[in-house]
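Taking it in order: structure first as structure tokens, then the write-up.
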Amino acid sequence: MASRLHAFNRFELKYLVPVEQAAEIRDELSERMDRDLNSPVGGYGVWSLYYDTPHLRFYWEKIEGLKFRRKLRVRHYGDLDGVTDESPVCVEIKQRVNRVTQKRRITLPYGVARQLCDGRELVEHSPAERAFIHEVLDLVIRLNLQPTAITGYQREALVGRNADTGLRVTFDRRIRGRDRDFDFGIATPENRFTIPPHMSVMEIKVNERTPHWITDLAARRNLNLIRVSKYVQSVEAFGLAPRSVFHVNEADCPPPAPTEQSLPQQRPAPEAPLKAGAQ
């Protein structure tokens, strides 16, 4: 069996920007970057099921800013319509070592991924995949991990060209989630927005250093770095833990004021017919 493992390290910078401004930035970046071949016009769906301990150990490690921390998730790319046990998903361990984000993942059929993470059973694997499969199994059994929250959003991705081949910029919008119904195949899940729908998360991801023209763009547009985690946002949005200083508060992100162009045109009210005897 060929190895289905994939691993990479990178630095990530995150910004919270209005959707309209994100579209402008995307168009500007398109002059020096290419659209990811896996990112169609309008983007693609990303759905992640996060596992945590009964006392939310992974959540608190993020809040406390531990230099080494990790979390386990199962991720599906694309729409959830028609997801079956045969649909490919990624079982992923995402960890932070100082300022570097590391991801290791394996692609499995959804039913096999659930057997591993929910059933806590050893699944078929190649010798090259043995260490990772056993690490996942050790985490779910030793820490008693359980499904905790699902996040979903629409993502558009750009990749660098020429000297910037290690550069990747993503724009995530319509960020929503739920704290129940953890099966990706549920027909009518009840999701709700965990970040105001008029806001999007822009992420700059690089292998080593951020190109100067990217930092110039961020400065010119007055973009401010933020610490935001979609998983943390869901945990706090659904009241699973108190809101932290990293929580995106809707009051801090008011929707744009309506303009004359955005206001619906009102037709003049028809004249009322004269009543009998009226002059």
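Hey, among Thr188, Thr259, which residue is in a loop (DSSP other than H, G, I, E, B), modelled with pLDDT under 90 and open to solvent by 90 Å² or more (accessible area, probe 1.4 Å)?
Of Thr188, Thr259, the one residue that is in a loop (DSSP other than H, G, I, E, B), modelled with pLDDT under 90 and open to solvent by 90 Å² or more (accessible area, probe 1.4 Å) is Thr188.
Checking Pro242 against (1) at pLDDT 85 or above; (2) surrounded by 10 or more Cβ atoms within 10 Å (Cβ to Cβ); (3) touching a helix residue (DSSP H, G or I) at 6+ places or on another chain (Cβ under 9 Å); (4) not acidic (Asp, Glu), only one condition comes out false. Which one?
(2)
What residue, among those in the stretch 20-55 that are over 30 Å from Val140 (Cα atoms) and acidic (Asp, Glu), is surrounded by the most Cβ atoms within 10 Å (Cβ to Cβ)?
Ranking the qualifying residues of the stretch 20-55, first place goes to Asp36.
I need the full set of residues from the stretch 218-237 which are open to solvent by 40 Å² or more (accessible area, probe 1.4 Å) and in contact (Cβ under 8 Å) with a residue 60 or more places away in the chain, in order please.
Those that are open to solvent by 40 Å² or more (accessible area, probe 1.4 Å) and in contact (Cβ under 8 Å) with a residue 60 or more places away in the chain: Arg221, Asn224, Leu225, Ile226, Arg227.
Among the residues of the stretch 197-219, is there at least one that is modelled with pLDDT of 95 or more, among the polar types (S, T, N, Q), more than 19 Å from Arg99 (Cβ to Cβ) and under 19 Å from the mean Cα position of the chain (by Cα)?
Yes; the residues of the stretch 197-219 include at least one that is modelled with pLDDT of 95 or more, among the polar types (S, T, N, Q), more than 19 Å from Arg99 (Cβ to Cβ) and under 19 Å from the mean Cα position of the chain (by Cα).
Phe182 passes all but one of (1) more than 20 Å from Ala241 (Cα to Cα); (2) part of a loop (DSSP other than H, G, I, E, B); (3) open to solvent by 10 Å² or more (accessible area, probe 1.4 Å); (4) in contact (Cβ under 8 Å) with a residue 24 or more places away in the chain; which number fails?
(1) is the only condition that Phe182 fails.
Are there any pairs with C-beta distances below 9 angstrom linking a residue in the stretch 128-155 that is farther than 20 Å from Phe238 by Cβ to a residue that is part of a helix (DSSP H, G or I) and open to solvent by 40 Å² or more (accessible area, probe 1.4 Å), with the two at least 6 apart or on different chains, and if so which?
Leu143/Arg57
Which residues, counting only those in the stretch 161-179, are surrounded by 20 or more Cβ atoms within 10 Å (Cβ to Cβ) and in contact with a Leu (Cβ under 8 Å, 6 or more places away or on another chain)?
Val169, Thr170
Among the residues of the stretch 101-119, is any on the phi > 0 side of the Ramachandran plot and either open to solvent by less than 10 Å² (accessible area, probe 1.4 Å) or of a type outside the set (Phe, Trp, Tyr) (or both)?
No, the stretch 101-119 contains no residue that is on the phi > 0 side of the Ramachandran plot and either open to solvent by less than 10 Å² (accessible area, probe 1.4 Å) or of a type outside the set (Phe, Trp, Tyr) (or both).
What number of residues within the stretch 56-84 are aromatic (Phe, Trp, Tyr) and either crowded, with 16+ Cβ neighbours inside 10 Å or outside any strand (DSSP E or B) (or both)?
Of the residues in the stretch 56-84, 3 are aromatic (Phe, Trp, Tyr) and either crowded, with 16+ Cβ neighbours inside 10 Å or outside any strand (DSSP E or B) (or both).
Val97 versus (1) open to solvent by less than 10 Å² (accessible area, probe 1.4 Å); (2) over 13 Å from Leu72 (Cα atoms); (3) not hydroxyl-bearing (Ser, Thr, Tyr): which is the lone unmet condition?
Single failed check for Val97: (1).
Any chance the stretch 76-83 includes a residue that's in contact (Cβ under 8 Å) with a residue 40 or more places away in the chain and among the aromatic types (Phe, Trp, Tyr)?
No, there is no match, as no residue in the stretch 76-83 is in contact (Cβ under 8 Å) with a residue 40 or more places away in the chain and among the aromatic types (Phe, Trp, Tyr).
Scan the stretch 132-160 residue by residue and report those that are assigned to a helix (DSSP H, G or I) and crowded, with 16+ Cβ neighbours inside 10 Å.
Residues satisfying the conditions are Phe132, Ile133, Val136, Leu137, Leu139, Val140.
Looking at (1) under 17 Å from Asn9 (Cα atoms); (2) within 20 Å of the chain's Cα centre (by Cα), which is the one condition that is false for Pro88?
Only one criterion in (1) under 17 Å from Asn9 (Cα atoms); (2) within 20 Å of the chain's Cα centre (by Cα) is unmet by Pro88, namely (1).
The values are calculated or read from the model by the stated rules, or taken from the named source; none is laboratory data. Note that this is a predicted model, so its numbers are computed, not measured. Please note: Cβ atoms are built from the backbone with ideal geometry, for glycine as well, and neighbour counts cover all protein chains shown. We work out accessible area using only protein heavy atoms, side chains counted, and drop any ligands, DNA or RNA first. Shrake-Rupley method; radii C 1.70, N 1.55, O 1.52, S 1.80 Å.
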